[in-house]
Structure formats: C-alpha cells, structure tokens
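Reading through the structure tokens given below for one structure.
Nothing in this text is a laboratory measurement; each read-out follows from the coordinates by a stated rule. These numbers come from a predicted model, not from an experiment. Positions of Cβ are generated from backbone atoms using ideal geometry, with glycine treated the same way; all protein chains shown enter the neighbour counts.
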Amino acid sequence: MSKRLILDANIIIRGVLGTRVSDLMETHGDRVSFITTDEAVEDAIAYIPTIMAKHDAHEESITAALEKLDTLLRFVSILSLDNLHSYEEAARQRLKNRDEEDWPFVALSLLLKCPIWTEDTDFFGTGVPTWTSDRIELFFADADEAGNTH
C-alpha cells in the first residue's frame, strides 16, 4: 500500500504556477497517494486566474495553467466534503482562533491518519502531522524506502 498525503489548496496552486510541486508529484505518484477535497480544487480554479491576472498574464497563459491543473489532478484523489462532516467539529476545535475554514484538511487528516502537505502555519500545532515544501522530500524518501522493501 502506498503512503498517503493530503494536499492543501496552496500546494495545488503551487503545483500549477511552479514546477517543483508538480515534478515531485509526478516522480512519486506511483508510491504516494495524493488526496485533497473538492473545495480545494474549486479554490484553485478560482484563485489561479486571479493570481495570474495580478501578474499581467495573458488569457492564453491562464488557460494553459488551468490545463496544467487538470493534468496535475490526475495524480490526486478528490474527496467530497460530504464525507468529512463527522470530523468537522473536532477539526474546527483544533483550528480554534485560527482559520477554521481550513477544517476539511484537518478532518481529512484525522479520517485517513495521514499528513498534510501545506505552507499554511494555521495547521502547525493542531495535532495532525504536516509537511512543508522545504522538508517534503524526506516524506518522499520514506515512501521510496517503503516501496523498495517488498
């Protein structure tokens, strides 16, 4: 069984607007199951054009970025928020006085007992494991080792 890793919306957006995240996902996608919420995908679809427009991107570039998002999502399992409501209260409690709207990622982590890949410090100290992009290769190295022990 492959290791699982939850993707925060900001990581999905980084995967589209940069190359490192998407390269890592493609490289390790056969040993790591990437998971996110339908809401995170909707956020990415909404924010990518806005971010790019602020940097004077042309319509063709925005269209290409949204196509890259589609390509990136082939490595991702997308869960509906409907599957997470039984964990909502516990997740919101862990995020109290922070961005409680991020509860679906904490709920997903609690449900699946796996870490979140994020740059959002609101997740730090909530009792769920997190990985940041500057350390994520350690997670992938563990997944590679686990995949080579068969």
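Taking the stretch 69-108 as the range and being among the small types (Gly, Ala, Ser), closer than 20 Å to ALA44 by Cα and assigned to a helix (DSSP H, G or I) as the test, only ALA107 passes. Taken over the stretch 14-49, the residue count meeting the criterion of being surrounded by fewer than 17 Cβ atoms within 10 Å (Cβ to Cβ), among the β-branched types (Val, Ile, Thr) and within 16 Å of TRP131 (Cβ to Cβ) is 1. With respect to the conditions (1) within 14 Å of the chain's Cα centre (by Cα); (2) closer than 18 Å to THR132 by Cα, LEU79 lacks only one, and its number is (2). Pull up the stretch 53-108, narrow it to residues that are β-branched (Val, Ile, Thr) and closer than 23 Å to PHE123 by Cα, then point me to the one that is surrounded by the fewest Cβ atoms within 10 Å (Cβ to Cβ). My answer is ILE78.
To keep it simple, each residue is scored yes or no on (1) β-branched (Val, Ile, Thr); (2) under 18 Å from CYS114 (Cβ atoms); (3) in contact with a strand residue (DSSP E or B) (Cβ under 7 Å, 6 or more places away or on another chain); (4) part of a strand (DSSP E or B).
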{"residue": "LEU5", "(1), (2), (3), (4)": "no, yes, yes, yes"}
{"residue": "SER22", "(1), (2), (3), (4)": "no, no, no, no"}
{"residue": "ALA46", "(1), (2), (3), (4)": "no, no, no, no"}
{"residue": "ILE51", "(1), (2), (3), (4)": "yes, no, no, no"}
{"residue": "SER61", "(1), (2), (3), (4)": "no, no, no, no"}
{"residue": "LEU66", "(1), (2), (3), (4)": "no, no, no, no"}
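Just for the stretch 109-122: of the residues that are in a helix (DSSP H, G or I) and among the hydroxyl-bearing types (Ser, Thr, Tyr), which one is surrounded by the fewest Cβ atoms within 10 Å (Cβ to Cβ)?
Across the stretch 109-122, the extreme among qualifying residues is THR121.
One residue stands out among those in the stretch 123-139 that are within 13 Å of ASP99 (Cβ to Cβ) and touching a strand residue (DSSP E or B) at 6+ places or on another chain (Cβ under 8 Å): the one that is surrounded by the fewest Cβ atoms within 10 Å (Cβ to Cβ), which is PHE124.
Before we move on, is THR118 without any contact (Cβ under 8 Å) to a residue 40 or more places away in the chain and either over 25 Å from ILE48 (Cα atoms) or β-branched (Val, Ile, Thr) (or both)? Break it down into steps so the answer makes sense when it comes.
Numbers: without any contact (Cβ under 8 Å) to a residue 40 or more places away in the chain: no; either over 25 Å from ILE48 (Cα atoms) or β-branched (Val, Ile, Thr) (or both): yes.
Criteria not met by THR118.
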